[in-house]
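First comes the structure, then the notes that go with it.
The values are calculated or read from the model by the stated rules, or taken from the named source; none is laboratory data. Computed from a predicted model, the values in this text were never measured in an experiment. Quick reminder, even Gly has a Cβ in these numbers, built from the backbone with ideal geometry, and neighbours come from all protein chains shown.
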Amino acid sequence: MANNGRRSVKAKKGPTIGTGGHGRKALEGKGPTPKAEDRPYHKAHKAKQLSERSAAKRGTGARSAGAAKSGPKGRATEEVVTGRNSVVEALRAGIPAKALHIAIRIEMDDRVKESLKLAAERGIPLLETGKPELDRMTDDAVHQGLVLQIPPYDYADAYDLAEQTVDKWKKGHIGNAPLFVALDGITDPRNLGAIIRSVSAFSGHGVIVPERRSVGVTASAWKTSAGAAVRVPVARASNLNSALKQFKNMGIFVLGLDGDGDVSLPDLTLATEPVCIVVGSEGKGLSRLVRENCDQIVSIPIDSAMESLNASMAVGISLYEVSRQRATK
């Protein structure tokens, strides 16, 4: 059809009405890109879900106090004993265990055979586990195909332990006056294990450890205690200074061990009373506040050429002297 020579003219677009801010959210963007493990369509997300389900099946999915510790890259790992020598020695020492993991098609030797025998005798579950899972459990440590899983230690409450012990003593249910050892700033589990062993040897009633910045009952502590950790309760105090004040209110004398003491160990007159011996770290000794909360600061006479004693050794010597004085009472 003819258009009579006329061209169509488009209407000029005029001003439009604004949105009044209703489209503001559309301009804000979606924020930073999520991590790969948080994207449902990514293979890393599936791997994370698989790992969580695997942990839940082993009973390690929920974290409780002392049940797990954070390893490299933020992964949660249970307390474990790894390697053939360490595992067999741990089983010989009677360390509590929840499972013995054995690599599939492990090469048998005398240590493996003895580990299997000891675990079977104690009723510890034996689990065949693939190498990738053993590597994950141990954070890629050398495990030689054997991993012993240690349950979290069930700590007593420091105040409750002291109160119950004092009550039993007053009622004549225990012969010796309450005797405790408290640790101030000690972080080596072998020191804790040796101290537990000494407390057991000299009829002590418990070991007190602070909740923070302190050693706990680990596999290494169990091993060093040579089974004494089964007999001697270890209690946790949320604040060591507050616990020591509560002990003093119960009639327990607090004695701090330090090279610069006001009383020499042989001259100690409080040995037959309820006592809590406090030992500090080798480098720093007793902290200022703990020192102020002590009834006496006791020093152990040593050769001037020796600067200080190992913490566990100092505790052992002190407990011997307390025990000796109580025996001659």
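Structure values in brief
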| item | result |
| --- | --- |
| When residues of region 141-197 are limited to those that are among the small types (Gly, Ala, Ser) and surrounded by fewer than 23 Cβ atoms within 10 Å (Cβ to Cβ), the one farthest from Val275 (Cα to Cα) | Gly145 |
| Conditions (1) in a loop (DSSP other than H, G, I, E, B); (2) under 30 Å from Ala311 (Cβ atoms); number of the one not met by Glu107 | (2) |
| Of all residues in region 227-251 being more than 18 Å from the chain's Cα centre (by Cα) and of a type in the set (Gly, Ala, Ser), the one that is surrounded by the most Cβ atoms within 10 Å (Cβ to Cβ) | Ala243 |
| From Val254, Val290, residue being buried (at least 20 other Cβ atoms within 10 Å of the Cβ), modelled with pLDDT under 95 and of a type in the set (Val, Ile, Thr) | Val290 |
| Restricting region 293-320 to residues that are of a type in the set (D, E, K, R) and over 14 Å from Val275 (Cβ atoms), the residue that is modelled with the highest pLDDT | Asp303 |
| Residue among Ile104, Ile124, Ile150 that alone is modelled with pLDDT of 90 or more, under 21 Å from Val217 (Cβ atoms) and of a type in the set (A, V, I, L, M) | Ile124 |
| Qualifying residue in region 307-329 (condition: in contact with a Pro (Cβ under 8 Å, 6 or more places away or on another chain), among the acidic types (Asp, Glu), under 25 Å from Asn176 (Cβ atoms) and not in a loop (DSSP other than H, G, I, E, B)) | yes |
| All strands (runs of 3 or more DSSP E) inside region 110-207 with 3 or more residues being touching a residue at least 60 places away in the same chain (Cβ under 8 Å) and within 30 Å of Asn241 (Cβ to Cβ) | 179-184 |
| Which listed residue is at pLDDT 95 or above, of a type in the set (Val, Ile, Thr) and buried (at least 22 other Cβ atoms within 10 Å of the Cβ), from Val217, Val275 | Val275 |
| Residue among Ser264, Ser200 that alone is closer than 30 Å to Arg92 by Cα, among the hydroxyl-bearing types (Ser, Thr, Tyr) and either under 20 Å from the mean Cα position of the chain (by Cα) or surrounded by fewer than 20 Cβ atoms within 10 Å (Cβ to Cβ) (or both) | Ser200 |
